[in-house]
Amino acid sequence: MKAVILAAGEGKRLRPLTTDKPKCLVPLFGKTLLAQLIETLRGAGITDITVVAGYGHEQVTEAAPGCKVALNRNYARSNMVTTLFCAPDLFRNNGDDLVVSYSDILYEHKAIDALINCDAPVALAVNQDWLTLWQQRMEDVLSDAETMKLNQQGLILELGKKANSLDEVQGQYMGLFKVRADHVQKLRSAYDAMDRMDIYDGQTFENLYMTSFLQHLINLGWPIKAAPVHGGWLEVDTIDDWRLYQDLAERGTLDLIYRKAR
């Protein structure tokens with residue numbers, strides 16, 4: 001099994017922490033986000049890790065010893081999906097499942113275990129206890145929550161849209177998913193076949209959201225399944241998120257939503 005961490009972003013909403021470093025190198029609980037992600041993946045037995053850098057790529061390379069580093073040179077004008085496919089070696093027929101991880105999240109080992117134990121062509125880590133986290137982060141949980149609609153078999157029908165009610169949120173996509181080995185090349189082919197001139201959920205092809213790409217695959221008939229996870233996940237999206245998690249850790253209540261590695 002291989003993993004790729006998408007770490008090209010600048011992280012403007014985390015300023016001033018990102019004034020002189022990329023988002024993935026922001027420290028939280030005494031270690032950078034990137035270092036904690038690498039530790040979690042290696043702790044799950046995944047040692048073949050690629051980091052796709054962009055902004056501050058020299059710093060990222062130095063901070064990721066033992067990892068392969070690819071580069072999204074167009075990081076300032078592109079998004080997560082473009083970053084993913086800047087590591088072409090990952091999409092050759094090599095017989096390995098591929099775990100894809102954002103770099104502005106933290107998760108416990110159980111999230112990786114949930115993906116490993118799901119044999120669907122594409123498995124998405126979906127947090128079932130998201131509401132507890134959202135209530136800590138914001139007053140209006142629906143202001144940022146996205147839809148997640150599942151059928152009775154746990155296959156995802158819709159994700160990433162604006163949620164108008166809690167009934168439309170059967171969990172939150174965690175920014176972490178696994179592509180089964182026999183679908184890794186197919187993932188690249190599906191991306192290459194997309195219309196570069198089309199608009200996807202209001203975004204150009206270069207700025208395609210990952211959720212829009214995943215929804216595109218669902219619309220094509222790909223079986224994408226939710227791998228349920230209960231808690232153990234942090235999304236570090238803004239400076240307010242960072243301050244909240246630091247404060248919870250200092251007060252000794254962080255363990256209610258996330259147990260950091262000791």
### Summary
Once the dipole of the chain is set up from charges on Cβ (+1 Lys and Arg, -1 Asp and Glu), the residue from the list Met80, Pro16, Leu90 lying farthest towards its positive end is Leu90
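Hey, which of these cross-link pairs are over 27 Å Cα-Cα: Lys149/Lys186; Lys31/Lys178; Lys31/Lys68; Lys12/Lys186; Lys68/Lys186; Lys12/Lys162? Working shown, then result.
On the way: Lys149/Lys186 24 Å; Lys31/Lys178 25 Å; Lys31/Lys68 20 Å; Lys12/Lys186 33 Å; Lys68/Lys186 22 Å; Lys12/Lys162 22 Å.
Over 27 Å apart, Cα to Cα: Lys12/Lys186.
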### Task
Could you pull out every residue, at least 5 positions away or on a different chain, whose amide H is within less than 5 Å of the one on Leu157? Hs are placed 1.01 Å off N in the peptide plane, and Pro or chain starts have none.
Lys149, Leu150, Asn151
### Message
For Cα pairs less than 8 Å apart in space and 6+ apart in sequence, what is the mean separation divided by the residue count of the stretch 1-158, i.e. the relative contact order in percent?
### Response
26 percent
### Query
Using 7 Å Cα-to-Cβ label points, what is the Ser165/Thr253 separation (nm, one decimal)?
3.1 nm
### Task
Label the stretch 9-92 by shape, choosing from rounded, prolate and oblate, from the square roots a ≥ b ≥ c of the eigenvalues of the Cα gyration tensor; if a/c is under 1.5 it is rounded, and otherwise prolate applies when a/b is larger than b/c, oblate when it is not.
oblate
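What number, in percent, do you get for the relative contact order of the stretch 65-172 if the mean sequence gap of Cα pairs under 8 Å and at least 6 apart is divided by its residue count? Could you put the intermediate results ahead of the total?
Values: 77 pairs, mean separation 18.6, N = 108.
Contact order relative to length: 17 percent.
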#### Entry: Cut-off under 5 Å, modelled amide H: who pairs with Ala163 long-range
Thr147
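Estimate the FRET efficiency between Leu131 and Ala193 by the formula 1/(1 + (r/R0)^6), using the beta-carbon distance for r and 22 Å for R0, to the nearest 0.05. Intermediate results must be reported in sequence, preceding the final value.
Working: r = 37 Å, r/R0 = 1.68.
Rounded to the nearest 0.05, the efficiency is 0.05.
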### Task
Run the numbers on the stretch 125-248 and let me know its relative contact order in percent, using alpha-carbon pairs under 8 Å that are six or more apart.
34 percent
### Binned Cα-Cα distance frequencies in the stretch 51-161 - 5 Å width, integer %
2, 8, 14, 18, 19, 17, 14, 6, 1, 0
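Can you compute the helix-only [θ] at 222 nm over the chain? Use -39500 (n - 2.57) per DSSP H run of at least 4 residues, normalise by all residues, nearest 500 deg cm²/dmol.
Values: 8 runs with 74 residues, N = 262.
About -8000 deg cm²/dmol.
Using the alpha carbons of the stretch 180-262, what is the convex hull volume per residue in cubic angstrom, as a whole number? Working shown, then result.
Numbers: hull volume 12.5 nm³, N = 83.
Spread over its residues, the Cα hull of the stretch 180-262 gives 151 Å³ apiece.
What part of the accessible area of the stretch 56-97, given as a whole %, is carbon or sulfur when the probe is 1.4 angstrom?
Details: 1090 of 2370 Å².
Of the solvent-accessible surface of the stretch 56-97, carbon and sulfur hold 46 percent.
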### Message
Below 15 Å, Cα to Cα, which aspartates and glutamates can Lys23 reach? Residues fewer than 8 away in the same chain don't count.
### Response
Glu10, Glu58, Glu62, Asp104, Glu235, Asp237, Asp240, Asp241
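Take the solvent-accessible surface of the protein heavy atoms, probe 1.4 Å, and return the percent of it on the stretch 176-240 that carbon and sulfur atoms account for.
Working: 1390 of 2840 Å².
Answer for the stretch 176-240 is 49 percent, counting heavy atoms of protein chains only.
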#### Entry: Surface per residue (accessible, 1.4 Å probe) for the chain, Å²
46 Å²
### Query
Mind listing which GluC sites (Glu not before Pro) in the stretch 162-262 are in a DSSP loop and have 15 or fewer other Cβ atoms within 10 Å?
Glu206
### Query
Measuring from centroid to centroid over Cα atoms, what is the spacing of the stretch 35-88 and the stretch 184-227 in Å?
21 Å
### Query
What's the extension gain from Asp113 to Gln203 if we count 0.36 nm per residue and subtract their Cα-Cα distance?
29.1 nm
### Query
Viscosity 1.567 mPa s, temperature 4 °C: Stokes-Einstein D of the chain from its Kirkwood Cα radius, in µm² per second?
70 µm²/s
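The values are calculated or read from the model by the stated rules, or taken from the named source; none is laboratory data. Note that the structure is predicted; figures quoted are calculated from it, not measured. Cβ coordinates were reconstructed from backbone atoms using ideal geometry, including for glycine residues, and neighbour counts include every protein chain displayed. These area figures cover heavy atoms from the full protein model, side chains too; ligands, DNA and RNA do not enter into them. Shrake-Rupley method; radii C 1.70, N 1.55, O 1.52, S 1.80 Å.
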